[in-house]
Amino acid sequence: MPIVKSKEKVVLALNVGSTSIKSRVFVFRGKKEKEIYAWSRGGLGLNGSHQKALSELKSDLAKEGILTKIAAVGHRVVHGGPMKRSCKIGAKELKLINRYSKLAPLHNPFNLQGIREAARWGRKEVVRVAVFDTAFFSGLPGYARTYAIPSSITKKYGLYRYGFHGISHHYALLETAKRLKKHPGRLKLITVHLGGGASIAAIRKGRAVDTSMGFTPLEGLIMSTRSGDIDPGIIVYLLRQGFALGELENILINEGGIKGLAHVSSMLELIQKVKRRNALARKAFDLYTYRIKKYIGSYLAVLGSCDAVVFTGAVGAGDPVTRNRVTKPLKETILKNIPVLSVIPNEEKMIARETRKTIN
């Protein structure tokens, strides 16, 4: 463990997902941060594998001499409902996170598990902070966050477009600003987060003005196992055909998207099959990239002009096959003279920054 000076704060960023746990530790002195530790586990699922992995993380932090130095733990929380900014976690916040678990069933329950487990690691003075994916989109204009259903129902049930992947989109904005040597508040960007989940955002003057995900992380782009945009009449029709609600939910969240189209388990497997010219994979990939191009075009219309299109996420900033398929035809038309950039994601760094800002 590096020597920590008296005015420095050690922040643990904990990103607990449905199939993985990613964690980094940063030392802050003022606004400057230095990463001193990184740890991750993938391939997690049911049968207590998250609990085991979190116990391994605690043991490793103790072994490295870091556990007793931590001043705050920042937790990624996917759905924060009406929350507009990061906040310290108390009983009220735990109830809110649990309440929105039904709208983000692949995420919030695991986020909660990480929060509760880390709270058992001792040292009551350690501050716990929730960093919400939805907070970056809390300022969406009314016309971008409202659904065209009776307003009485909207207000009663909170049926607004919340947006997701905000931590990643925010980080992409800040990194792009550094690269272009411009203040974030002077930029107009289209940021494209592509991973297991996928979303796209339109950013004007450093603030999100639209995004593809909505009330839940199911809306928008085609994803690994999520359908993205579909005609809501399909749901009504299938209900009338005898499908149960739980069955439909499973189809849309766990059996849809690329998995439903190409019968593959991940985007990596899909891209590998595309390179091998597998017909089913190529058809699915065409649908996937078409939807991305469609959203880029619509957001360029929303912004009027654009300083850059920025790809991030494991797929977006990874193998260039997807980026090239999306942008090559557009570079001859609407993206002519507009830079296309990629930003390696670092949600944990953004979580740590938000945590430091909150405890200060």
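Every read-out reported here was derived from the displayed coordinates using simple, explicitly stated rules and does not represent laboratory data. The structure presented is a predicted model; accordingly, all values stated were derived computationally and were not measured. Cβ atoms come from the backbone with ideal geometry, glycine included; neighbour counts cover every protein chain shown.
When the helix-only estimate is applied to the chain (DSSP H runs of n ≥ 4, each -39,500 (n - 2.57), divided by the residue count), what is the mean residue ellipticity at 222 nm, nearest 500 deg cm²/dmol? Write down the numbers at each step before the final one.
Values: 14 runs with 148 residues, N = 360.
One gets -12500 deg cm²/dmol as the mean residue ellipticity at 222 nm.
Exposure proxy check: F26, F243 ranked by fewest other beta carbons within 10 Å?
Working: F26 24, F243 14.
Sorted ascending by nearby Cβ count, the order is F243, F26.
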#### Entry: Kirkwood-based shape ratio for region 253-360, expressed as Rg/Rh from alpha carbons
1.05
## Note on the structure
Among G163, L187, L173, the residue whose Cα sits farthest towards the positive end of the charge dipole of region 144-187, when +1 is placed on the Cβ of each Lys and Arg and -1 on the Cβ of each Asp and Glu, is L187
## Note on the structure
DSSP beta bridges in region 180-342: the antiparallel percent, rounded to 5, is 60
### Message
I'd like the Karplus ³J(HN,Hα) series for region 130-146: coefficients 6.51, -1.76, 1.60, θ = phi - 60°, whole numbers in Hz, and an x wherever there's a Gly or Pro.
### Response
9, 10, 8, 5, 7, 4, 4, 9, 5, x, 4, x, x, 5, 9, 10, 10
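Compute and list, largest first, the equivalent-ellipsoid semi-axes of region 219-267 from the alpha carbon gyration tensor, each √(5λ) rounded to a whole angstrom.
Numbers: eigenvalues 80, 28, 12 Å².
Gyration-tensor ellipsoid for region 219-267: 20, 12, 8 Å.
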### Message
Checking the cross-link filter: which aspartates and glutamates have an alpha carbon closer than 17 Å to that of K275, excluding same-chain neighbours under 8 positions apart?
### Response
D286, D319
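By how many nm would the segment from R123 to L268 lengthen if fully extended, with 0.36 nm per residue of separation less the alpha-carbon distance?
Numbers: separation 145, 0.36 × 145 = 52.20 nm, distance 4.09 nm.
Result: 48.1 nm gained on full extension.
Just to verify a number: FRET efficiency for R207 and T146, C-beta to C-beta distance, R0 = 22 Å, to 0.05?
Details: r = 17 Å, r/R0 = 0.79.
Here the calculated transfer efficiency is 0.80.
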### Query
Using a simple charge model, +1 on the beta-carbon of Lys and Arg, -1 on the beta-carbon of Asp and Glu, nothing else, what dipole does region 117-239 show about its Cα centre, in debye to the nearest 20?
740
### Query
How large is log10 I(q)/I(0) at q = 0.11, 0.19, 0.23 Å⁻¹ when the Debye formula is applied to the Cα atoms of region 57-149, each weighted equally and without solvent?
-0.38, -0.91, -1.16
#### Entry: Ranking of S49, S18 by count of other Cβ atoms within 10 Å, fewest first
S49, S18
### Message
Between I36 and K58, how high is the FRET efficiency from 1/(1 + (r/R0)^6) when r is the Cβ-Cβ distance and R₀ = 22 Å? Nearest 0.05.
### Response
0.85
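Counting other Cβ atoms within 10 Å of each Cβ, which GluC sites (Glu not before Pro) in region 50-99 have at most 15 and sit in a DSSP loop? Each step should come with its number before you reach the end.
Details: sites: E56, E64, E93; in loops: E64.
Here the GluC sites (Glu not before Pro) that fit, given the DSSP loop and packing criteria, are E64.
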#### Entry: Candidates I296, I222, I251: whichever shows maximal mean-square fluctuation once the chain is modelled as a Gaussian network with Cα springs under 10 Å
I251
### Task
Mind putting a number on the dipole of the chain about its Cα centre? Charges go on the C-beta only, +1 for Lys and Arg and -1 for Asp and Glu, and I need it in Debye to the nearest 20.
1220
### Message
Exceeding 19 Å between C-alpha atoms, which entries from my cross-link table qualify? They are K182/K336; K31/K357; K259/K294; K9/K34.
### Response
K182/K336; K259/K294
### Summary
Given 209-218, 100-109, the highest-first ranking by average Cβ count within 10 Å works out to 209-218, 100-109
### Query
Mean separation of Cα pairs under 8 Å and 6+ residues apart, divided by the residue count of region 180-342: what relative contact order is that in percent?
26
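Can you classify region 180-342 as rounded, prolate or oblate using the Cα gyration tensor, where a ≥ b ≥ c are the square roots of its eigenvalues, rounded means a/c under 1.5, and otherwise it's prolate if a/b beats b/c and oblate if not?
Details: a/c = 2.31, a/b = 1.47, b/c = 1.57.
Note, shape of region 180-342 comes out oblate.
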## Note on the structure
Hydrodynamic radius by Kirkwood for the chain, inverse mean 1/r across distinct Cα pairs, in Å, is 21.3
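Once you have the Cα-Cα distance between E255 and N337, take 0.36 nm times their residue separation minus that, and quote the gain in nm to one decimal. Show your work: numbers first, answer last.
Values: separation 82, 0.36 × 82 = 29.52 nm, distance 3.91 nm.
That works out to 25.6 nm of additional length.
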